[in-house]
Amino acid sequence: MKNCKHSKDILKLAYNDCGEDRKQLLTEHLTDCKDCAMIYNFHKNLQNINTVEIPKVSESLKFRIFDEINKIKEQTFIDIAYSYFHKKFMPAACAVLIFFIVGALVNAYQFSDKHQNILPIAGESIELTDYQREIITNEITDDLIMHIAFGDR
Amino acid sequence: MVETERVVIEEIINGDTRKFNDLVSEHIDIVFSVIYSYLKHKETSEDLTQETFIKAYKSISNFKFKSSFKTWIVRIAINTVKDYFRKKAASKNITLVEFPDIPDTRDNPLKIMENTEFKKFLDDTVFNMPDKLKTVYLLREQEKYTYEDIGAVIKKPIGTVESRLFNARKYIQQKFIEWAGL
């Protein structure tokens, strides 16, 4: 069977999907081209054949569906509460837990030695030695002044 | 969407779930028909019809009134069938379709179409067609849906519907030429 250049349009013609201007030309072409005529008739016949024979649906199916839906309706309050808990409360509880964990981590960092040894000065973070931190944070007493002046550190 | 259908659905959403039975009675045939077109097995099609309505009942509060209930329920039915095939493929329990023998009609090739063998050939060809083409083809040829309605079911523009339908018809034509040895 040869592949005619009109075969694509012939298919559209068979399903009335081509424009009026092409219709006339293609209809005339059908008398000249045996292969296109065969394709056209194939699709015309195909439209008259039920693709799939559908059996009748069982009468009981409708009632089976009604029963199933009734069972869903009769779901107890506890079931609904339980599913609500799972759907709504669990994510909220997880969010709160994560919030506390993150909070605790931030707190722990702020009070950690490493953090306390860093001093922001003029936009820069200066890391202090333990000795420097002690001087900064302790109350200025005479002892401390003497210690700074004559201490061996 | 028909106004009465909107009222019925709103009543169901607001708690009058008995009204859902009316929707089941009205649409059970079309849902079964669409599912059966894919499966060609009555009992399984009935099970999936039931599953479709239960899914629809459980998610009716998500119905947005953008399409008719029929379009919506047919979309759920097609997705239910796809899920069924996905599960079946996962369990590697796929049946291969064998094409029937070709009857001898050398004088007129299209005489084949009158034979029961052709009916079997057509059934099997549509059954084996790629899913995207099959859905559009069955909705158009079997259920006589308009292009607009098919577009609403598969959530694609009319141009896509037209091109898939053309490809589906071309697919059947090609398979027929191969099968009949033309």
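Readers should treat all values here as calculations from the given coordinates under stated rules, not as data from a laboratory. Bear in mind the structure is a predicted one, so any value in this text is a computation, not a measurement. Backbone-built Cβ (ideal geometry, glycine too); neighbour counts: all protein chains shown.
By how many degrees, 0 to 90 and rounded to 10, does the Cα axis of helix B:42-58 deviate from the longest principal axis of chain B?
30
Any of A:K44/B:K82; A:K34/B:K111; B:K19/B:K82; A:K62/B:K120; A:K23/B:K134 with alpha carbons more than 20 Å apart? Name them for me.
Details: A:K44/B:K82 30 Å; A:K34/B:K111 15 Å; B:K19/B:K82 28 Å; A:K62/B:K120 30 Å; A:K23/B:K134 28 Å.
Those over the limit are A:K44/B:K82; B:K19/B:K82; A:K62/B:K120; A:K23/B:K134.
Counting only trypsin sites (Lys or Arg not before Pro) that sit in a DSSP loop (anything but H, G, I, E, B) with at most 13 other Cβ atoms within 10 Å, what is the longest stretch of chain B containing none of them? The partial results should precede the final answer.
Working: sites that count: B:R18, B:K64, B:K66, B:K92, B:R106, B:K144, B:K155.
Result, exposed sites excluded: B:19-63.
Relative to the first principal axis of the alpha-carbon coordinates of chain B, what is the inclination of helix B:69-90, with its axis defined by its Cα atoms, in degrees from 0 to 90 and to the nearest 10?
The angle comes out near 60 degrees.
What is the average number of partner chain Cβ atoms found within 10 Å of a Cβ in A:55-65? If you can, show how the numbers build up before the last one.
Details: counts 7, 3, 11, 5, 0, 1, 9, 7, 2, 5, 14.
Mean number of neighbouring Cβ atoms from other chains: 6.
Less than 12 Å apart at the alpha-carbon level, and either on another chain or at least 8 residues along: which aspartates and glutamates does that give for A:K2?
Cross-link targets: A:D35.
Pick from B:E114, B:E148, B:E26: which residue has the top mean-square fluctuation in a GNM of chain B where Cα pairs under 10 Å get a spring?
In this elastic network of chain B, the residue with the biggest mean-square fluctuation among B:E114, B:E148, B:E26 is B:E114.
For the range B:32-68, run through the chymotrypsin sites (Phe, Trp or Tyr not before Pro) and keep only the ones in DSSP coil with at most 12 other Cβ atoms within 10 Å of their Cβ.
On the way: sites: B:F32, B:Y36, B:Y38, B:F53, B:Y57, B:F63, B:F65; in loops: B:F63, B:F65.
Sparse-neighbourhood loop chymotrypsin sites (Phe, Trp or Tyr not before Pro): B:F65.
With a sphere of radius 14 Å drawn around the Cβ of A:A37, what net charge do the other residues whose Cβ falls strictly inside it have (Lys, Arg +1; Asp, Glu -1)?
Charge balance in the 14 Å sphere: -1.
Taking a Cβ-Cβ separation under 4.7 Å as the criterion for a possible partner, which cysteines of the protein assembly as shown have none?
Isolated Cys, the protein assembly as shown: A:C4, A:C18, A:C94.
Tally Lys and Arg at +1 and Asp and Glu at -1 over the other residues with C-beta under 15 Å from the C-beta of B:K156: what net charge comes out? Before the final figure, lay out the partial values.
On the way: positive: B:K66, B:R75, B:K132, B:K134, B:R140, B:K155, B:R164; negative: B:D131, B:E148, B:D149, B:E162.
Charge balance near B:K156 sits at +3.
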